[in-house]
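Visitor: Pasting a structure here, questions to come.
The values are calculated or read from the model by the stated rules, or taken from the named source; none is laboratory data. No experiment lies behind these values; they were computed from the predicted model shown. Virtual Cβ from ideal backbone geometry, glycine too; neighbours counted across all protein chains shown.
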């Protein structure tokens, strides 16, 4: 065991991004990658990188991190692709917001006013201009706007590329899950881990660790963690495929449509409090398809390839937990709710800087795990 090694517990986009940034700076890393589990947010996410489109519904403390993370994406993707030799499906065509009726137009006007107040760029478009950009849009379109600052990435492709990149950089990857931790002299002494196929836990000594367990942070875990109230927020996403219909991400107040270069189209997303219920529901499927076909009628002719359910990790205040805990050596990186893919590069860079400095940094003040009282 390398005493300088950092153990990353969790292998979603967040955990792998943290591992990659540390490796890029010469830090030895071991990643604990649980077996694939239904509900993993990374595997369900559509991959929209949309801090501008969603600025009006985000906590004000989150917007600077979101914009910083988006700005990091081109370099982040370039480095991951160079290290892995794989592509990540990064695209920068922007988002088209579309109004199909009067209530939609009112919501769009609200969004445009919000962005104008904050000097965010959006180009207002009439129905004819929208259909020139995306001929497959419904004739019912009445208005819309283009937001060039929004991009997208394929989270599944990015995750596979990150796995390859960290292995190329020398990371050790264990198929195991963290089940708890212990301290010595008040500082982290190691993690209890459970390897695939084993019933008993195994001791893994380490002096620095990052828990990036998504919605499972604290679940079936032995050790005093900040009482951030982590919970899963259920979401359902559809994947259809066929003749490519769209070039841009298309959003209405009811649905979003994210095109992939291989002809697949991601339709999302519902959001409900269902706990760890991994079952797909007919009603949510119907509503997603109804709204998607209203925006782009030819979607009705595509093949329904996959219905997936994911658990967005949400804290009590809907802000992530990024940084050191009250236990020296133990860090958290999670609770990114519906923005994990967007926030991965920024969160990873900030947490890596904090680990290397051995102290908290101002960029993470709003997201410190210490804002929550400690509970066992």
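Visitor: Looking at (1) within 16 Å of the chain's Cα centre (by Cα); (2) within 25 Å of residue 90 (Cα to Cα); (3) modelled with pLDDT of 95 or more, find the lone condition where residue 315 falls short.
Guide: (2)
Visitor: So, one more: What about residue 179, is it assigned to a strand (DSSP E or B) and surrounded by fewer than 23 Cβ atoms within 10 Å (Cβ to Cβ)?
Guide: yes
Visitor: Quick check, is residue 108 in contact with a strand residue (DSSP E or B) (Cβ under 8 Å, 6 or more places away or on another chain), closer than 18 Å to residue 145 by Cα, part of a helix (DSSP H, G or I) and touching a residue at least 24 places away in the same chain (Cβ under 8 Å)?
Guide: Answer is yes for this residue.
Visitor: Kindly indicate whether any position in region 24-44 is over 15 Å from the mean Cα position of the chain (by Cα) and part of a helix (DSSP H, G or I).
Guide: Looking for residues that are over 15 Å from the mean Cα position of the chain (by Cα) and part of a helix (DSSP H, G or I), one finds at least one in region 24-44, hence yes.
Visitor: For region 288-306, which positions are farther than 22 Å from residue 88 by Cα and in a strand (DSSP E or B)?
Guide: Filtering region 288-306 down to residues farther than 22 Å from residue 88 by Cα leaves 288-304.
The answer is 303, 304.
Visitor: Just wondering, is there one or more residues in region 130-147 that are in contact with a strand residue (DSSP E or B) (Cβ under 6 Å, 6 or more places away or on another chain) and closer than 22 Å to residue 18 by Cβ?
Guide: Taking every residue of region 130-147 in turn, none turns out to be in contact with a strand residue (DSSP E or B) (Cβ under 6 Å, 6 or more places away or on another chain) and closer than 22 Å to residue 18 by Cβ.
Visitor: Still on this structure: Output the residues belonging to region 163-184 that are farther than 25 Å from residue 200 by Cβ and without any contact (Cβ under 8 Å) to a residue 60 or more places away in the chain.
Guide: Hit for region 163-184 is 167, nothing else.
Visitor: Among (1) crowded, with 17+ Cβ neighbours inside 10 Å; (2) modelled with pLDDT under 95, there is one condition residue 173 misses while meeting the rest; what is its number?
Guide: The number of the failed condition is (2).
Visitor: When the residues of region 97-125 are filtered to those that are over 14 Å from residue 54 (Cα atoms) and modelled with pLDDT under 85, which remaining residue is surrounded by the fewest Cβ atoms within 10 Å (Cβ to Cβ)?
Guide: If we take residues in region 97-125 being over 14 Å from residue 54 (Cα atoms) and modelled with pLDDT under 85, then 119 is surrounded by the fewest Cβ atoms within 10 Å (Cβ to Cβ).
Visitor: Within region 117-162, can you find the residues that are more than 15 Å from residue 252 (Cβ to Cβ) and in a strand (DSSP E or B)?
Guide: Residues satisfying the conditions are 123, 124, 126, 151, 152.
Visitor: Does residue 114 fit the bill of being touching a helix residue (DSSP H, G or I) at 6+ places or on another chain (Cβ under 9 Å), in the same structural domain as residue 270 (by TED's automatic domain parsing) and in a helix (DSSP H, G or I)?
Guide: yes
Visitor: Being touching a helix residue (DSSP H, G or I) at 6+ places or on another chain (Cβ under 8 Å) and buried (at least 22 other Cβ atoms within 10 Å of the Cβ) is the filter here, so list the residues in region 226-247 that pass it. Quick ask: steps written out before the conclusion?
Guide: At the first step, the residues of region 226-247 found to be touching a helix residue (DSSP H, G or I) at 6+ places or on another chain (Cβ under 8 Å) are 226, 228, 230-233, 235-238, 240, 242-243, 245, 247.
Hits for region 226-247 are 226, 228, 230, 232, 235, 236, 237, 238.
Visitor: Right, next: Looking at 294, 300, 282 in this structure, which one is at pLDDT 95 or above, out of contact with any strand residue (DSSP E or B) (no Cβ under 9 Å at 6 or more places or on another chain) and either under 19 Å from residue 54 (Cβ atoms) or crowded, with 16+ Cβ neighbours inside 10 Å (or both)?
Guide: 294
Visitor: Within region 51-63, track down each residue that is modelled with pLDDT under 90 and either closer than 14 Å to residue 338 by Cα or in a helix (DSSP H, G or I) (or both).
Guide: 51, 53, 54, 55, 56, 57, 58, 59, 63
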